[in-house]
Amino acid sequence: MRKKQFFKILIVSFLAIMIRGMFQLIIPQEKSYFKPSIFVASGVALLVLIIYGTVLYMALSYVFLLVEKEISGSPIVRGLKYGGMFALMWIAYLYEPLPNNSIIDMIYYPIIDGSVIVILGFLLGKFIAKKEVYIKESSRRISVLNIIIITLIFLVGRLAEYKVFNVFSQLDKRLGATLIWVIAVGIVIGFIFEGLGKTARSKSKIMNCIMFGGVIFGVNLFFFNFFIVVIAKVDIVDLLLRTILDIVWVIIGAYVSSCLSEYLDKVYFKE
């Protein structure tokens with residue numbers, strides 16, 4: 001059964017990267033801000049992109065299996081909801097104010113990458129998801145407070161990345177745009193946490209938060225950030241540092257919001 005599921009996920013993921021490749025053909029060619037990667041220089045970039053993309057979408061597929069029971073609706077609806085949530089995350093990260101982001105990049109890549117993840121979600125719902133219809137508990141409501149807390153901690157964490165850890169940014173040149181972007185990403189992460197933050201189903205809040213930040217959010221972020229390594233020569237240490245630190249801030253934000261929510265429930269909603 002697991003072997004059959006693996007091959008189904010492999011086929012779905014390979015189909016997704018093929019669709020992504022076809023979409024790439026409609027993007028106007030521009031001179032790259034970066035120097036070409038070793039894969040581009042050696043002429044194997046296309047092959048590496050296909051392999052990397054397939055592994056990327058397989059990873060997202062396995063995360064879907066992990067969180068599926070937290071998403072309500074029919075199999076296809078669950079797949080589309082999952083794809084929509086992480087498409088939103090990818091779109092938000094693609095808008096980071098960086099010098100390599102041209103107007104064309106800001107238009108085409110968010111639409112294309114977001115659309116492919118939604119398509120992946122549909123394929124997961126159609127071919128991979130369990131056939132049951134899940135009904136979410138009526139008591140589960142989106143907490144605006146949790147989203148605000150996660151956003152604030154992510155904002156403080158990102159500022160620490162820029163000022164303490166010297167992660168590359170445009171903060172000094174584009175302060176307003178950078179702060180708005182960080183807040184927007186924090187809101188998106190908070191929204192995803194509200195939807196999928198209880199996946200671990202553990203009595204331990206910290207384990208739930210590590211599962212969310214390190215696996216559900218972390219796997220997506222890792223593959224998103226390191227896609228560029230295939231095509232461009234970039235600072236790997238900077239990339240790794242911003243990835244790890246973002247995951248840490250998300251785990252902390254999720255934990256603080258969970259603790260505060262539990263406290264407020266005991267104080268204001270105890271019977």
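The set of residues from the range 76-97 being over 12 Å from residue 118 (Cβ atoms) and open to solvent by 20 Å² or more (accessible area, probe 1.4 Å) comprises 77, 94, 95. State which residue is farthest from the chain's Cα centre (by Cα) when the search covers only the range 221-230 and only residues that are crowded, with 17+ Cβ neighbours inside 10 Å and among the aliphatic types (A, V, I, L, M). Ranking the qualifying residues of the range 221-230, first place goes to 230. Residue 88 falls short of the stated requirement of being more than 30 Å from residue 179 (Cβ to Cβ) and at pLDDT 95 or above. Against the condition among the aromatic types (Phe, Trp, Tyr) and in contact with a Leu (Cβ under 7 Å, 6 or more places away or on another chain), how does residue 122 come out, does it pass? In short, yes.
When each of 56, 66 is tested for being in contact with a helix residue (DSSP H, G or I) (Cβ under 9 Å, 6 or more places away or on another chain) and open to solvent by less than 40 Å² (accessible area, probe 1.4 Å), the lone residue that passes is 56. Residue count for the range 98-118, restricted to those that are assigned to a loop (DSSP other than H, G, I, E, B) and surrounded by 13 or more Cβ atoms within 10 Å (Cβ to Cβ): 3. Among the residues making up the range 208-220, a single one is open to solvent by less than 10 Å² (accessible area, probe 1.4 Å) and either in contact with a His (Cβ under 8 Å, 6 or more places away or on another chain) or among the polar types (S, T, N, Q) (or both): 220. With respect to residue 243, determine if the residue is modelled with pLDDT of 95 or more, in a helix (DSSP H, G or I), among the polar types (S, T, N, Q) and over 14 Å from the mean Cα position of the chain (by Cα). The answer is no for residue 243.
Any residue at all in the range 164-172 that is of a type in the set (D, E, K, R), farther than 30 Å from residue 30 by Cα and either open to solvent by 20 Å² or more (accessible area, probe 1.4 Å) or within 14 Å of the chain's Cα centre (by Cα) (or both)? Looking for residues that are of a type in the set (D, E, K, R), farther than 30 Å from residue 30 by Cα and either open to solvent by 20 Å² or more (accessible area, probe 1.4 Å) or within 14 Å of the chain's Cα centre (by Cα) (or both), one finds none in the range 164-172, hence no.
The values are calculated or read from the model by the stated rules, or taken from the named source; none is laboratory data. Only a predicted model underlies this, so the values are computations on that prediction, with no experimental measurement involved. Virtual Cβ from ideal backbone geometry, glycine too; neighbours counted across all protein chains shown. Side chains are part of the model used for accessible areas, which takes the heavy atoms of the whole protein and leaves out ligands, DNA and RNA. Shrake-Rupley method; radii C 1.70, N 1.55, O 1.52, S 1.80 Å.
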